[in-house]
Amino acid sequence: MESRGYIEAFTPADGKAIAELRGVSKRFGDVLAASDLNLTITEGEFLSFLGPSGCGKTTALRMLAGFETPTEGDVLLDGEVVNALEAHHRPVNMVFQQYALFPHMTVAQNIGYGLRQRRPRLPKAQIAEKVDKTLDIVQLGGFEDRKIWEMSGGQQQRVALARAIINEPKLLLLDEPMAALDRKLRKEMQIELQDLQRQLGITFVLVTHDQEEALSMSDRICIMREGRIVQVGSPQELYDRPNSKYVADFVGTSNFFDGTVVEQPGPLTSVRLSNGMIMRGTPTEEMSNSEDVSVSVRPEQMTLQRQGEGLTVEVRNRIFLGEHTEYLVNHETLGDFLVLSPRQSEQTEGAFTVGDTAFVSWEDSAALILDRN
Amino acid sequence: MRAYAVCVYLFLYIPIGVIALFSFNAGRHASQLQGFSTKWYGKALSNPFVMDALETSLIVAFTSALCASVFGTMAAVALQGIKGPVRTAFDLLIYVAVMIPGIVIGIATLIGLVTVFDQLNPMIAAIWPNGLTPPKLQMGMGSLIAAHTMFLMALVVIIVRARLAGMDRALTEASSDLYATPMATFRQVTLPMIFPAILAGFLLSFTFSFDDFIIAFFVAGSETTLPIYVFSSIRRGVTPEINAIGTMVLIVSLLMLITAQLLLQRGGKKPK
């Protein structure tokens, strides 16, 4: 896996810290929603909090926005502790999940809202001019006098975006902004959002439970679980070097074989699986013998052949995906797992059909030995 | 079952229908119809006692509805920020305030005000400069407005709170996220959104105050509101003039109730 080359779009060392969480915890009654969060957000990056619902990602976002104050630890904005600073004093803006547009105002009034709160007051003409410019940026020129309920979901999202970016915030927070959009529109908005982020240079912090969304848009992803940060890294890092079974399972698809460590002779570690079989793979951290671990092999790293080495399996299901074909195969003692076969190999091997017997193999170094928790 | 329902409605509405019908009676007596005429309406409207009572009723209804709307809205907004047992206690007290029979409010307000006035009047007289007649607190327009405001406030709180509860919390958060202070958020976001409910509360309050007899009878002192006037003139027999007044009050009340209902429906609908 060292052979893989990384193309890092962005590394945190590139810029200065615009926001920081230092040992932040948040308790709601008996519930610990966020626990000891430590994270530095760098100016200009696109960072995503990724995790299932209830993992604390929204709480983290709301603490950055100023809607919640941390029970412990410090939230820093631009180097200053802002724990008790109320939301309306923070140079941070948010795009809400259901957009939270003001229904009694027009599109232009919604977008100009933040500017109208400035004291001393800004001249009306200046606000109007900026609103016009922002409408153009989000491609809503000519919609200024529309009522909010006359706009489609995608347009409403642009209004919400415009209402936030017009204030040139230090941080733009996005709380599951695509959740209400249909799949096609979501794809388009993801691209637009990325373009916008590059164009404006504003730091974006996105909260999502959609791994695809996080992977395709973010410079860095912060994976959360049960109120804790599990791993922070670029999408490639998380995909290729997950630090736990949880991350490997959440980022992309993988096959897992549970077992215990038996030997660590060299760069590879041997694991005895529940069926007695020994599998070798690259350890992701220091491991001790007899530790419970999981061997993770990505479906695309597996090769499916009619003859040869490897595990003997029976093909259970075949899904044609165009560029690839996904096979669900069954091993007598290891159970079901997925193999992704590229088109070229189909041409040489011929397509497998349900019921065929085949052999699955992979490079030992491609298998990762992961902490099972 | 359907016949039974029809009977219930007939029982409820026939007396009202009869009053409206007899208000157009050309004859003097309320017991026999003698052709159509609107003269009793003219007579009622030109009667100085009726007009005086009407004026009192309108002033009382308008002022107490206004006070109830303002204080009720303030209470509803404040209650929104409270949770736990305190909230439950307030909720209960507000519902009780709406349920309490008018006669209890009437007696309680009367006794309460009279007691307070008896305590205050000597004090005011004592501190008043010599030679001048000190003002004397007594039952009248003021006590009437106070009593009405009290029971109408609970009504406004309930109506406005229902609207507030239906409002997306993210809207006020969005406003504060966009640098609006809590006061600015209330003025620019909360108030415009709950305004239909406040207006509906005002109209309902106005109607209830305008129609109220029981509480007014206890605390009005020497003032005569329209319901009190109607009550006292009935003792001299039911005339078509009374029927005409009753019909006019009915129509105005109905119009206000319908407007209030429309406001609540329209305000409650969320444009998507």
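Readers should treat all values here as calculations from the given coordinates under stated rules, not as data from a laboratory. Predicted model, so just to flag it, every value in this text is computed and none were measured. Please note: Cβ atoms are built from the backbone with ideal geometry, for glycine as well, and neighbour counts cover all protein chains shown.
Below is a table of values for the structure above.
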{"item": "Counting DSSP beta bridges with both ends in chain A, the antiparallel % (nearest 5)", "result": "75"}
{"item": "Residue of B:Ile228, B:Ile251, B:Ile127 that the Gaussian network model of chain B assigns the largest fluctuation, springs spanning Cα pairs under 10 Å", "result": "B:Ile127"}
{"item": "Descending semi-axes in Å of the range A:143-258, equivalent ellipsoid built from Cα gyration tensor", "result": "31, 16, 12"}
{"item": "Choice from B:Ile82, B:Ile105, B:Ile19 showing the highest fluctuation, given a GNM over chain B with Cα pairs closer than 10 Å", "result": "B:Ile82"}
{"item": "Cα coordinate range in the range B:1-159, projected on the principal axes (Å, largest first)", "result": "64, 55, 24"}
{"item": "Whole-Å distance, taken between Cα centres, linking the range B:1-24 and the range B:203-272", "result": "19"}
{"item": "Listed residues B:Val18, B:Val114, B:Val77, most fluctuating in chain B (Gaussian network, C-alpha, under 10 Å)", "result": "B:Val18"}
{"item": "The range A:317-337-the range A:264-288 distance, computed between alpha-carbon centres (Å)", "result": "24"}
{"item": "Mean separation of Cα contacts under 8 Å (6+ apart) over length of the range A:255-371, as relative contact order %", "result": "32"}
{"item": "Globularity index of chain A, i.e. its alpha-carbon radius of gyration over 2.2 N^0.38 Å", "result": "1.17"}
{"item": "Distance cut-off 12 Å, percentage of C-alpha pairs in the range B:21-71 lying past it", "result": "69"}
{"item": "Whole-number Å³ per residue for the convex hull built on Cα positions in the range A:255-371", "result": "100"}
{"item": "Gain in span if fully extended, B:Val96 to B:Arg266, counting 0.36 nm per residue against the direct Cα distance", "result": "58.4 nm"}
{"item": "Cα Rg, Dmax, the range B:65-135, angstrom units", "result": "18.4, 56"}
{"item": "Under the Debye formula (equal points on every Cα, no solvent term), log10 I(q)/I(0) of the range B:113-164 at q = 0.14, 0.31 Å⁻¹", "result": "-0.55, -1.09"}
{"item": "Viscosity 1.002 mPa s, temperature 20 °C, Stokes-Einstein D of the range B:185-270 from Kirkwood C-alpha radius, µm²/s", "result": "142"}
{"item": "Nearby aspartates and glutamates by direct alpha-carbon distance to A:Lys133 (threshold 16 angstrom, same-chain neighbours under 8 apart not counted)", "result": "A:Glu144, A:Asp145, A:Glu168"}
{"item": "Stretchable slack from B:Thr88 to B:Phe71, in nm (0.36 nm times residue separation minus alpha-carbon distance)", "result": "4.2 nm"}
{"item": "Kirkwood Rh and Cα Rg combined as Rg/Rh, chain B", "result": "1.06"}
{"item": "Kyte-Doolittle mean at least -1.0 and Cα axial length at least 20 Å: DSSP H helices in chain B", "result": "B:2-22, B:48-80, B:85-99, B:102-127, B:141-165, B:191-211, B:240-268"}
{"item": "Under-5 Å amide H pairs with A:Asn83, H placed in peptide plane, nonlocal only", "result": "A:Val75"}
{"item": "Environment charge of A:Lys187, counting only residues whose C-beta is closer than 11 Å and scoring Lys/Arg +1, Asp/Glu -1", "result": "-2"}
{"item": "Local electrostatic count at A:Ala100 - Lys and Arg +1, Asp and Glu -1, tallied over other residues with Cβ under 10 Å", "result": "-2"}
{"item": "Largest-first principal axis extents of the Cα set of the protein assembly as shown (Å)", "result": "115, 70, 53"}
{"item": "Overall Cα dimensions of the range A:306-357 - principal axes, largest extent first, Å", "result": "30, 21, 15"}
{"item": "Under 5 Å, built H, 5+ apart or other chain: amide partners of A:Leu174", "result": "A:Val95, A:Val205, A:Leu206, A:Val207"}
{"item": "Tilt relative to chain A, helix A:153-165 - C-alpha long axis, 0 to 90 degrees, to 10", "result": "70"}
{"item": "Two-decimal Rg to Rh for the range A:43-149 - Kirkwood Rh, Cα set", "result": "1.02"}
{"item": "Acute angle (nearest 10 degrees) that the helix A:183-200 long axis makes with the longest principal axis of chain A, alpha-carbon atoms", "result": "60"}
{"item": "Extension reserve of the A:Glu129-A:Glu309 stretch, reckoned as 0.36 nm per residue once the Cα distance is removed", "result": "57.9 nm"}
{"item": "Cross-link pairs A:Lys170/A:Lys245; A:Lys130/A:Lys170; A:Lys57/A:Lys245 - those with Cα-Cα distance over 23 Å", "result": "A:Lys170/A:Lys245"}
{"item": "Pair B:Ile124, A:Val354: separation of 7 Å Cα→Cβ label points (nm)", "result": "9.3"}
